[in-house]
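Undergrad: My questions will all concern the structure given below.
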Amino acid sequence: MELTGLFFYVVSLLILGGIYALLCLALNIQWGMGGLFNAGIAGFFGVGAYTSAILTTAVSKKHLGGFDLPVPLGLLGAAIVAGLAGWAVAKICVRLKSDYLAMASIGIAEILRLVIVNESWLTNGSLGISRIPRPLADLASGRMTDVVFLGFVWMVVLLVYVTAARLHDSPWGRSLRAIRDNEASAAAVGKDVENFRIQTFVIGCAVMGIAGGLSAHYFRFLSPTATDPMLVTFLVWVMLMAGGSGNNKGAILGALIIWTIWSVTEIFTNRLPPEWATRSSFIRMLLVGLVLQAVLQRFRSGLIPEKSPPVKFREKKASGE
């Protein structure tokens, strides 16, 4: 029984690690490649979660729903709606510099959270949405559904990783990094800086929406507490900094390491005396911060630092050959 419990604990750890890996890949596209400081991750995560939940749940008088669509269509809808929300935000805020963009994105995330809490006809307010279906639920029963869902989550992670890697190595990715490193020089050679940044912000927000949808389908219940900025925004930034900003592999590695530390420390903080147990989340955050400091002292650019793809030159033959 102990081995069974340990096995399903690792399964749960990897499921949430995969969801955080998606958030880190999305943030890596925005910040690591584009230099866009998005501090409103929780808002776009919540938009995706509620969109997928509404599209896939059965008819309910408590909230908007009744579409009963397949889960893949719900996740597609989550990506589209979160991407549209990102486009609206980018059109207003993308011209701002990094620190001002961060403040604006925090405010927008708070607006989205208040909409989720107060618009009961849409989201059922603080009572949340229940009976959210899982994908491939017919393939297993009982706790084995977690194993099936684990495979589904990491298939999505693999798909996003391959797409992000292709974007990173493409001319689009090179142009984006040029804008990030020297905006004036990139504009001088004809790059549309604003358009590139809008595209980057939209792509990242769409992936954050998918991560939110997967979280809703995993827990099968969704409430405003799922958009806690400490667990969604701050922790994701720590993961990306520790793993390596600008590197997709580093984003996934950082997500798995930091989430493992965060999850395992919960076991120990729950054993603390009652007067300390109430402060367990702050103790865990302190430990994560200490780990980040230790990593950055030893690895200044993260565990797997950014590495630009090699430039390939085509050799041209002389006209007389």
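Undergrad: Quick one: in segment 138-190, of everything that is small (Gly, Ala, Ser) and not in a helix (DSSP H, G or I), which residue is most open to solvent (accessible area, probe 1.4 Å)?
TA: My answer is Ser141.
Undergrad: For segment 11-44, which residues satisfy the criterion of being closer than 15 Å to Tyr218 by Cα and either open to solvent by 10 Å² or more (accessible area, probe 1.4 Å) or touching a Pro at 6+ places or on another chain (Cβ under 7 Å) (or both)?
TA: Ser12, Leu13, Leu14, Leu16, Tyr20
Undergrad: Quick check: is even one residue across segment 49-59 farther than 19 Å from Arg220 by Cα, in contact (Cβ under 8 Å) with a residue 60 or more places away in the chain and either assigned to a loop (DSSP other than H, G, I, E, B) or not charged (D, E, K, R) (or both)? Before you say what the answer is, go through the steps one by one.
TA: Of segment 49-59, the ones farther than 19 Å from Arg220 by Cα are none.
No, that holds for no residue.
Undergrad: Something else: Can you go through Phe196, Phe201 and tell me which one is touching a residue at least 60 places away in the same chain (Cβ under 8 Å), of a type in the set (A, V, I, L, M, F, W, C), part of a helix (DSSP H, G or I) and open to solvent by 30 Å² or more (accessible area, probe 1.4 Å)?
TA: Result of the check over Phe196, Phe201: Phe196.
Undergrad: Oh, and also: Considering only segment 121-137, I want to know if a residue exists there that is among the hydrophobic types (A, V, I, L, M, F, W, C), in a loop (DSSP other than H, G, I, E, B), open to solvent by 50 Å² or more (accessible area, probe 1.4 Å) and more than 19 Å from Gly65 (Cα to Cα).
TA: Looking for residues that are among the hydrophobic types (A, V, I, L, M, F, W, C), in a loop (DSSP other than H, G, I, E, B), open to solvent by 50 Å² or more (accessible area, probe 1.4 Å) and more than 19 Å from Gly65 (Cα to Cα), one finds at least one in segment 121-137, hence yes.
Undergrad: Out of all the residues in segment 50-64, which are open to solvent by less than 40 Å² (accessible area, probe 1.4 Å) and within 10 Å of Thr123 (Cβ to Cβ)?
TA: Across segment 50-64, the qualifying residues are Tyr50, Ala53, Ile54, His63.
Undergrad: Looking only at segment 259-299, count how many residues are in contact (Cβ under 8 Å) with a residue 60 or more places away in the chain and not small (Gly, Ala, Ser).
TA: Counting residues in segment 259-299 that are in contact (Cβ under 8 Å) with a residue 60 or more places away in the chain and not small (Gly, Ala, Ser) gives 2.
Undergrad: Is there any pair with a first residue in segment 236-251 that is touching a residue at least 12 places away in the same chain (Cβ under 8 Å) and a second that is part of a loop (DSSP other than H, G, I, E, B) and β-branched (Val, Ile, Thr) whose Cβ atoms are under 7 Å apart and which are 6 or more apart or on different chains, and what are they?
TA: Filtered contacts from segment 236-251: Gly243/Ile304; Gly244/Ile304; Asn247/Ile304; Lys249/Ile304; Gly250/Ile304.
Undergrad: Tally the residues that are assigned to a helix (DSSP H, G or I) and either surrounded by 15 or more Cβ atoms within 10 Å (Cβ to Cβ) or within 12 Å of the chain's Cα centre (by Cα) (or both), restricting the search to segment 222-248.
TA: Final tally of qualifying residues: 18.
Undergrad: Can you report the number of residues in segment 271-321 which are part of a helix (DSSP H, G or I) and either at pLDDT 85 or above or not small (Gly, Ala, Ser) (or both)?
TA: 19
Undergrad: Something else: Looking for something closer than 10 Å to Ser52 by Cα, open to solvent by 10 Å² or more (accessible area, probe 1.4 Å) and either touching a helix residue (DSSP H, G or I) at 6+ places or on another chain (Cβ under 8 Å) or assigned to a helix (DSSP H, G or I) (or both) - is there at least one such residue anywhere in segment 79-93?
TA: Looking through segment 79-93, at least one residue is closer than 10 Å to Ser52 by Cα, open to solvent by 10 Å² or more (accessible area, probe 1.4 Å) and either touching a helix residue (DSSP H, G or I) at 6+ places or on another chain (Cβ under 8 Å) or assigned to a helix (DSSP H, G or I) (or both).
Undergrad: Follow-up question, since we're still on this one. If you check every pair at least six apart or on different chains, which have Cβ atoms under 8 Å apart with a residue in segment 163-192 that is free of Cβ contacts under 8 Å to residues at least 60 places away in the same chain first and a residue that is hydroxyl-bearing (Ser, Thr, Tyr) and assigned to a helix (DSSP H, G or I) second?
TA: Ala178/Ser185; Ala186/Ser175; Lys191/Ser175
Undergrad: While we're on this one: Considering Ser98, Ser130, which residue is polar (S, T, N, Q) and either out of contact with any Lys or Arg (no Cβ under 8 Å at 6 or more places or on another chain) or closer than 26 Å to Leu253 by Cα (or both)?
TA: From the options Ser98, Ser130, the qualifying one is Ser98.
The values are calculated or read from the model by the stated rules, or taken from the named source; none is laboratory data. Fair warning: this is a prediction, and the values are worked out from it, not measured in the lab. Using ideal geometry, Cβ is built from the backbone for each residue, glycine included, and neighbour counts are taken over all protein chains shown. These accessible areas exclude ligands, DNA and RNA; they are computed on the full protein's heavy atoms, side chains included. Shrake-Rupley method; radii C 1.70, N 1.55, O 1.52, S 1.80 Å.
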